[in-house]
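Student: Sharing a structure here in structure tokens format.
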Amino acid sequence: MSRFRDIELDPGVIRRLKKGDRKAQEIVYRAFSSAVFTLARRVLRDPGAAEEVTQDTFVDVLCKADTLAKDTAFPAWVRSIAMNHCLMRLRSPWQRRREALEFDHRGTAGDATDRAVDVDQALAQLPATARMVVWMHCIEGCTHEEIGRAFGYTPSFSKTQLSRAFEAMAKARFGPEQDDDSATSTLCRA
């Protein structure tokens, strides 16, 4: 799993990228494409859509690199572009309709004890908005303020979404009768 903040890039590469240097573009793509794809795949649960988000993200990164004010903010800037592309997809009426159809086919089959404890499966059970908030907070390390701003709401929106997501994930993991705060804390170790 690749985190944006763990990616180190020579400041000279960013300066060359801003000037349109092809080699710098390749270096940036190789450094960040895996992190962008992973973010998009986990949030959107669709490898094809994740590839499209990755492509759209890098089109923006390469075309708008000269607008970046602080080179040190580059990883966060790339992450915010990727998250915005994911959010645009999640807000799309096509995406909402697709998820509604998938939910109808999935139903509620299976007992909580039969479900795997895999993070992908736990995230897949959440609504798209909650899944995005969990990913942004637990994996990317975004604050509630950053998440609220990304969605156009206050920090309390992020806190509420995260709390509800943890509750749903804990119920899926430990069963509906489990009401232990320690169950929730094991789901996110940010």
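The values are calculated or read from the model by the stated rules, or taken from the named source; none is laboratory data. Just so you know, these numbers come straight off a predicted model, no measurement behind them. For accessibility, only protein heavy atoms count, side chains too; no ligands or nucleic acids. Shrake-Rupley method; radii C 1.70, N 1.55, O 1.52, S 1.80 Å.
Student: Largest first and in whole Å, what are the equivalent-ellipsoid semi-axes of the range 47-86 based on the Cα gyration tensor, each being the root of 5 times an eigenvalue?
Tutor: Values: eigenvalues 79, 21, 8 Å².
Semi-axes from the Cα gyration tensor: 20, 10, 6 Å.
Student: Work out, step by step, the length gained on full extension between D6 and Q125: first 0.36 nm times the residue separation, then minus their alpha carbon distance; give nm to one decimal.
Tutor: Contour length minus Cα-Cα distance gives 40.0 nm.
Student: Right, here's the next one. Sort Y153, Y29 from largest to smallest accessible area, using a 1.4 Å probe on the heavy atoms of the protein chains. Intermediate results must be reported in sequence, preceding the final value.
Tutor: Values: Y153 135, Y29 110 Å².
The most accessible residue leads, giving Y153, Y29.
Student: Determine the order of K19, K159 by accessible area, beginning with the largest, at a probe radius of 1.4 Å.
Tutor: Result, largest first: K19, K159.
Student: Any chance you could check the Cα centroid distance between the range 1-62 and the range 123-162 for me, in angstrom?
Tutor: 21
Student: How do K23, K18 rank by accessible surface area computed with a 1.4 Å probe, from largest to smallest?
Tutor: From most exposed to least exposed: K23, K18.
Student: Straight-line reach from K64: which lysines have Cα under 20 Å away, leaving out those fewer than 8 places along the same chain?
Tutor: Counting by Cα, and skipping residues close in sequence, K64 has these lysines nearby: K18, K19, K23.
Student: Over the range 1-71, what number does the Rg to Rh ratio reach, with both radii from the alpha-carbon atoms and Rh per Kirkwood?
Tutor: 0.99
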